[in-house]
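One structure is given here, and the rest of the page talks about it.
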Amino acid sequence: MIDRDSFGKFDKGNIPWNKGNKIDINLDYIKNKYNEGYSCLDISKEFNVSEKTIRNRLKEIGIDLRKNTEHTSMIKDKISKTMIRKGIQPIERFSGEVWNKGLTQEDERVKNNIQGLLENRKNQVLPKKDTTIEIKLQNLLKQLNIEFFTHQYIKEIEHGYQVDIMIPIQEGITKKTIIECFGTYWHNYPVGREIDITRCQELRKASWRVLIFWENEIKLMHSNDLVNVLKR
């Protein structure tokens, strides 16, 4: 039976059981393998030891080890074969030439590029994962059986963007409504970011009712609180 009180202890003066039992590794062999392009990890697997052990042995005989970022031709070939086997296409190498270097936003090519980015942005959902306060408001709206849409892109204003929640006119809701869920940190509580203020002003001019709820408000909100605001 194992003595649990003494298990794992080491008394000063005792000789470790594995003292002197150094693993027998042919240093010339691992030196040649390393110089051929094999990595320390590959060599360690052959001897069934840790990679650190191989690195230490090579250092002992004065071998300058490659940096982890340096790949030999053998390793590069190994990586290439792995990529091919997995069906991963290599990324096209950068030529060093930037097509829009020296161009201004007045250049037609730059204008087209910006327009393309804006069009693509309309269909992207950011953030990809709803925040906890957005989810809470969504759940409250579901409890109230109020139809709503999330991350709808509003393009009728100058600074178009995806609103958090959009509520169309329906029974009990007489105004088309947008709800923004502002996190305390990201939206600069209690003032709001300059772009937030600008967008809300533009939305209101475009006949939207804009309701802004801060994080601390949403955390304490109940369905009755929300419906009283929406049905005003």
Please return the ranges of helices (runs of 4 or more DSSP H) entirely within the range 33-98 where 1 or more residues are at pLDDT 80 or above and in contact with a Cys (Cβ under 9 Å, 6 or more places away or on another chain). 51-60
Output yes when any residue across the range 138-159 is surrounded by 15 or more Cβ atoms within 10 Å (Cβ to Cβ), of a type in the set (V, I, T) and in contact with a Lys or Arg (Cβ under 8 Å, 6 or more places away or on another chain), and no when none is. yes
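Which residue, of T184, T198, is assigned to a loop (DSSP other than H, G, I, E, B) and hydroxyl-bearing (S, T, Y)? It would help to see each step written out before you state the result.
Details: T198 fails: assigned to a loop (DSSP other than H, G, I, E, B).
Within the list T184, T198, the selection yields T184.
The values are calculated or read from the model by the stated rules, or taken from the named source; none is laboratory data. A quick note: this is a predicted structure, and the numbers were derived from the prediction, not measured. Every residue, glycine as well, gets a Cβ built from its backbone with ideal geometry; the counts of neighbours run over all protein chains shown.
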